[in-house]
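Reading through the structure tokens given below for one structure.
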Amino acid sequence: MSGMLYLCATPIGNLGDVSARCIEILGAADLIAAEDTRRTMQLLNHFGISKPLTSYHEHNKREKGEYIIRLLKEGKNVAQVSDAGTPAISDPGEDLVRLCIENGIEVTSVPGPVAGINALILSGLSTARYAFEGFLSVNKRHRSEHLEAVKDDTHTLIFYEAPHKLKNTLSDMERVFGGERRIAIARELTKLHEEVLRMTLFEAVKYYEEHNPRGEYVIVVEGAKKTKEPDAKKWESISIREHVDGYIKEGMTSKEAIKAAAADRGVPRRDVYNEYHKQE
Ligand code: SAM
């Protein structure tokens, strides 16, 4: 019978956040696949766990993935950990999970910290609907395309960012989303210098003209405001002529009235213009 792959979440800063089950699973695993074996060794030493470790990261995931699948098929249990937080979230893991599923190997998770979710719940922004956007590309064009693609998204947006790129990212966001958009910048979560700044993008760009970013960051961005849905149904009971004339009676010019009626009905201005003048 095949073994099991355990996706083990580890702390994002504070070692006290490791779960009792995580320690138990790491202590019982036949092999621990770690993104950075040296870093994971520190965690294991801290909890007095001694287990075989192998590296599994972005640059060896193909060969190592096959090796891990072989062991799992032999019935070994493998625990996967990333540098910090939850595996497969902006970290290696996704491919290994897929490989296990393709090979009929069971996968389970040992839940724990995720930086993005902790930043979201501290942000003060809506948690009802959110989208995880991960890291923006280092390529300027791809960054802009990514931001343009989500600028009208009404979900709260969660981005990971490295300190040396924070200032540029905030400027790019201000340019694309506008300076009024509210954001929360969460830094060094669960660590000694934990800080959450809540401000507009305009204020954030100004703030970082005078402060140097240090540590690990999550940027949480308020979603775009919902554009009011045109209430087309409401206007179905009156003709376009009555609709436009109603506005003209209120003092609008015919051009203004046609524009307003088109907006009410959610149709192009030209259609209202043609219909209105056709009936004259
Ligand atoms: N798998 C991790 C998780 O579950 O959150 C994310 C790994 S990703 C490679 C690392 C990024 O997560 C950092 O660049 C930063 O954006 C964010 N991050 C990790 N730890 C953090 C912390 N303590 N405070 C703020 N952001 C953190």
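The values are calculated or read from the model by the stated rules, or taken from the named source; none is laboratory data. Only a predicted model underlies this, so the values are computations on that prediction, with no experimental measurement involved. So basically every Cβ, Gly included, is an ideal-geometry build from the backbone, and we count neighbours across all protein chains shown. Surface accessibility is based on the protein's heavy atoms, side chains included, excluding ligands, DNA and RNA. Shrake-Rupley method; radii C 1.70, N 1.55, O 1.52, S 1.80 Å.
Summary of values
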| read-out | value |
| --- | --- |
| Per residue accessible area of the chain, 1.4 Å probe, in Å² | 57 |
| For the stretch 19-110, size of Cβ-based charge dipole, Lys and Arg +1, Asp and Glu -1, in debye | 220 |
| Given charges at Cβ of Lys, Arg, Asp, Glu: the stretch 71-157 dipole, positive-most of His155, Ser144, Leu99 | Ser144 |
| Whole-Hz ³J(HN,Hα) from phi, Karplus 6.51 cos²θ - 1.76 cosθ + 1.60, for the stretch 35-52, glycine and proline x | 5, 10, 4, 5, 5, 5, 4, 4, 5, 5, 4, 4, 9, x, 9, 10, 9, x |
| Partners for Lys151 among aspartates and glutamates (Cα-Cα distance below 14 Å; same-chain residues under 8 apart left out) | Glu133, Asp172, Glu174, Glu180, Glu222 |
| Convex hull volume per residue in cubic angstrom - Cα atoms of the stretch 121-243 | 133 |
| Within the chain: Cβ-based charge dipole about Cα centre, in debye rounded to nearest 20 (Lys, Arg +1; Asp, Glu -1) | 260 |
| Among Gly27, Gly178, Gly246, residue whose mean-square fluctuation peaks in a GNM of the chain (springs only between Cα atoms under 10 Å) | Gly246 |
| All-pairs alpha carbon distance profile, the stretch 184-280, 10 Å steps from 0, percent | 13, 29, 11, 10, 17, 15, 4, 0 |
| Relative intensity, log₁₀ I(q)/I(0), of the stretch 1-44 from a Debye sum that treats every alpha carbon as a point, q = 0.23 Å⁻¹ | -0.87 |
| Shape parameters for the stretch 59-128, alpha-carbon atoms, Rg then Dmax in Å | 15.0, 48 |
| For q = 0.10, 0.19, 0.21 Å⁻¹, Debye-computed log10 I/I(0) when each Cα of the stretch 1-141 counts as one equal scatterer | -0.35, -1.11, -1.28 |
| Out-of-range pairs (alpha-carbon distance over 25 Å; input Lys206/Lys226; Lys51/Lys73; Lys233/Lys278; Lys234/Lys259; Lys167/Lys226; Lys165/Lys206) | Lys206/Lys226; Lys167/Lys226 |
| Size-normalised alpha-carbon gyration radius of the stretch 71-174, reference 2.2 N^0.38 Å | 1.33 |
| Label-point separation, Ile121 to Glu58 (7 Å along Cα→Cβ), nm | 2.8 |
| Most mobile listed residue (Tyr217, Tyr56, Tyr247) in the chain, GNM with C-alpha springs under 10 Å | Tyr247 |
| Hydrodynamic radius (Kirkwood) for the stretch 92-140, which is based on Cα pairs only, to one decimal in Å | 14.0 |
| Sequence-distant residues sharing a close amide H with Gly93 (under 5 Å, placed H) | Ala88 |
| DSSP beta bridges in the stretch 105-241 [antiparallel fraction, %, rounded to 5] | 75 |
| For the chain, built as a Gaussian network whose Cα springs stay under 10 Å, the top-fluctuating residue of Ile238, Ile158, Ile12 | Ile238 |
| Value in Å of the Kirkwood radius, where the stretch 1-83 supplies the Cα pairs that are averaged | 12.8 |
| Calculated from backbone phi, Karplus (6.51, -1.76, 1.60) coupling profile of the stretch 93-108 in Hz, x at Gly/Pro | x, 3, 5, 5, 4, 4, 4, 4, 4, 4, 9, x, 9, 6, 10, 9 |
| Portion, in percent, of the accessible area of the chain that falls on carbon or sulfur, probe 1.4 Å | 50 |
| Calculated diffusion of the chain, Stokes-Einstein form, Kirkwood radius summed over Cα pairs, 25 °C and 0.890 mPa s, µm²/s | 109 |
| Lys, Arg +1 and Asp, Glu -1 on Cβ, resulting dipole of the stretch 139-280 about Cα centre, debye, nearest 20 | 220 |
| Within the chain, helix-based [θ] at 222 nm, where runs of 4 or more DSSP H residues each add -39,500 (n - 2.57), nearest 500 | -12000 deg cm²/dmol |
